[in-house]
Amino acid sequence: MATAAYIGLKAARRQQASAARIFQKYDTDKTLQLERDQLALLLRDYNGGKDPDADEVEFILKVADTDGTDAIGQDEVLYALKVWSTYRHAKERIREYFEKYDFTRDGYFGP
């Protein structure tokens, strides 16, 4: 019987391998970083082929770039995809809140 630690280690290795495969495909210039254009291609491919707009790419970059390099590293790529997935699923609800609470229609909440 496998221990919880062993199962956790196997899962972590699968995630690392997945991140490496994703990264290898999109890091076309081999800089070990995904710049905005490369990140946009990744997000497009995980969005049914629909291009993200520049603000969406910037949002994912700002949230997922945890080391402050202004790019996505291999250790951040799975987190970037989780953020993208969460954003895509919550996008309509976010828009509804803005329509409801953006009283001045300037893109900000407030009176």
**Item:** ³J(HN,Hα), Karplus 6.51/-1.76/1.60, whole Hz, each residue of region 98-103, x for Gly, Pro
**Value:** 5, 4, 6, 10, 8, 5
**Prompt:** What is the magnitude of the charge dipole of the chain about its Cα centre, with +1 placed on the Cβ of each Lys and Arg, -1 on the Cβ of each Asp and Glu, and no other charges, expressed in debye to the nearest 20?
**Reply:** 740
**Prompt:** Residue by residue through region 21-27, which ³J(HN,Hα) values in whole Hz follow from phi under the Karplus form 6.51 cos²θ - 1.76 cosθ + 1.60 (θ = phi - 60°), with glycine and proline marked x?
**Reply:** 5, 4, 5, 4, 5, 9, 7
**Complete:** Summing -39500 (n - 2.57) over every DSSP H run of at least 4 in the chain, dividing by its residue total and rounding to the nearest 500, the 222 nm mean residue ellipticity is -21000 deg cm²/dmol
**Asked** Among the listed pairs 25/82; 50/82; 30/62; 25/50, which are separated by more than 20 Å between their Cα atoms?
**Response** 30/62
**Prompt:** Can you run phi through the Karplus equation (6.51, -1.76, 1.60; θ = phi - 60°) for region 38-53 and list ³J(HN,Hα) in whole Hz, with x for Gly and Pro?
**Reply:** 5, 4, 4, 5, 4, 5, 4, 5, 9, 9, x, x, 8, 5, x, 7
**Item:** Cα centroid of region 17-33 to Cα centroid of region 42-59, whole Å
**Value:** 17
**trypsin sites (Lys or Arg not before Pro) within region 30-72, DSSP loop, no more than 14 other Cβ atoms inside 10 Å** = 30, 50
**Message:** I want to make sure I understand the PRE zone here: with the label point 7 angstrom from the Cα of residue 55 toward its beta carbon, which residues in region 89-104 have backbone N atoms less than 11 Å away?
**Reply:** 95
**Asked** For the residue pair residue 21 and residue 105, what label-to-label distance in nm results when each label sits 7 Å from Cα along the Cα-to-beta-carbon direction?
**Response** 4.8
**Residue-span extension gain [residue 87 to residue 45] - 0.36 nm each, minus C-alpha spacing** = 13.6 nm
**Asked** Which shape class, rounded, prolate or oblate, goes with region 27-74 when its Cα gyration tensor gives a ≥ b ≥ c as root eigenvalues, a/c under 1.5 marks rounded, and past that a/b bigger than b/c marks prolate?
**Response** oblate
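Coordinate-derived values only; no laboratory data. What you see is a predicted model; the values in this text were computed from it and never measured. All Cβ positions, glycine included, derive from the backbone under ideal geometry; neighbour counts span all protein chains shown.
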